[in-house]
Amino acid sequence: MVADSVKTVAEWDDASMTRFTLGSGWNVRVFAKHNAQYLWFDLEATTHAGTRLFPEILRDSRNAKSRLWQKSQWWLHV
């Protein structure tokens, strides 16, 4: 995989995918894939009827399952 902002089918055909319905006729697809070092996400359909979605991806590196946001020490989890 080359992280070059150009999505090709061959790069993402083995990715996991989930879909979120944000409104009538607005379904955002989120693709995820990883290797031993990196985790990549690709989102499709983030614009609909003049509205643009600016997604944020939060991770639970401590597996705390908290309902509150917690600052992560991501640089310690390599």
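Side notes on the structure shown:
- The test for being in a loop (DSSP other than H, G, I, E, B) and modelled with pLDDT of 75 or more does not hold for K33.
- Search result, residues across segment 37-65 that are closer than 14 Å to F20 by Cα and of a type in the set (A, V, I, L, M): L43, A45, L53, I57
- Residues that are among the polar types (S, T, N, Q) and surrounded by 10 or more Cβ atoms within 10 Å (Cβ to Cβ) within segment 1-15 comprise just one, T8.
- Close pairs (7 angstrom Cβ cut-off, 6 or more residues apart or separate chains): β-branched (V, I, T) in segment 5-18, exposed (fewer than 10 other Cβ atoms within 10 Å of the Cβ) anywhere: none
- Residue that is surrounded by the fewest Cβ atoms within 10 Å (Cβ to Cβ) [pool: residues in segment 37-78 that are modelled with pLDDT under 80 and either among the polar types (S, T, N, Q) or assigned to a strand (DSSP E or B) (or both)]: Q73
The values are calculated or read from the model by the stated rules, or taken from the named source; none is laboratory data. It should be emphasised that the depicted structure is a prediction, and the values quoted were computed from it without experimental measurement. FYI the Cβ positions are ideal-geometry reconstructions off the backbone, even for glycines, and counts take in every protein chain you see.
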